[in-house]
Structures are given as structure tokens and as C-alpha cells.
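Asker: Handing you this structure, nothing more for now.
Just so you know, all these numbers are worked out from the coordinates, no wet-lab data involved. Quick caveat, the model's predicted, so the values are computed rather than measured. So basically every Cβ, Gly included, is an ideal-geometry build from the backbone, and we count neighbours across all protein chains shown.
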Amino acid sequence: MPTYQYACTACEHRFEAVQSFSDSSLSECPECSGKLRKLFGAVGVVFKGSGFYRTDSRSGSSTSAAATTSSSDSKSSTSAPAAAAS
């Protein structure tokens with residue numbers, strides 16, 4: 001279950017609450033009964049590039065080289081002999 005951060009707009013009390021996705025947001029401060037707002041932080045995961053299979057940590061492995069060769073073979077039958085010759 002995710003942990004959400006809240007801050008009171010009246011007294012600036014900050015706290016965390018563990019809630020299910022289906023639970024409604026908290027709206028009342030436990031300290032002063034003021035209005036709460038959710039705080040949003042930075043995202044922990046950032047995806048860059050054209051795809052995870054191209055940028056994974058196994059650079060130079062034979063599996064990824066075979067996958068690249070087989071995908072180029074299926075695109076064009078004339079490029080397969082040229083790739084095999086070089």
C-alpha cells in the first residue's frame with residue numbers, strides 16, 4: 001500500500017498516511033481540524049531512451065546481438081546475406 005504525505009493549510013502540520021488506492025484522501029488535520037492538502041514528490045523511476053531492451057545493463061551479450069540480427073532478417077530478405085557476409 002502506498003504512503004501519502006499531507007500538509008495542513010492552517011497550521012502547516014505535515015505527516016504521512018498509509019492508504020489503499022481505493023481509500024479516499026484525508027481532508028481534516030488531526031492537530032487543528034484544518035483543511036489538508038496532498039504533497040507530491042519526485043518520481044522514483046525515470047525511463048529514458050527508445051525502450052528498456054535497448055538500454056539494459058547487458059551490453060555486448062550474444063542474446064541481444066542474436067535478437068538484433070533476427071529482427072533485421074525478418075524485415076528484409078536481401079539484407080540477411082549481406083549481414084552474414086560481413
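Asker: Which FRET efficiency value, to the nearest 0.05, is calculated for SER33 and MET1 with the Förster distance at 35 angstrom and r the Cβ-Cβ distance? Please report the intermediate quantities before stating the final value.
Answerer: Values: r = 25 Å, r/R0 = 0.72.
Step by step, r from the Cβ atoms, then E = 0.85.
Asker: Once phi is turned into θ = phi - 60°, what whole-Hz ³J(HN,Hα) does the Karplus curve with 6.51, -1.76 and 1.60 give for every residue of segment 27-44, x standing for Gly and Pro?
Answerer: Listing the rounded values in order: 10, 10, 5, x, 8, 10, 6, x, 7, 9, 9, 7, 9, 10, x, 6, 6, x Hz.
Asker: Loop-only check: which GluC sites (Glu not before Pro) in segment 1-51 are DSSP coil with at most 13 other Cβ within 10 angstrom? Walk me through the numbers on the way to the answer.
Answerer: Details: sites: GLU12, GLU16, GLU28, GLU31; in loops: GLU12, GLU31.
For GluC sites (Glu not before Pro) across segment 1-51 that sit outside H, G, I, E and B with at most 13 neighbouring Cβ atoms in 10 Å, the list reads GLU12, GLU31.
Asker: On to the next question. Can you list residues from other chains, or at least 5 along the same chain, whose modelled amide H is less than 5 Å from the amide H of HIS13?
Answerer: CYS8
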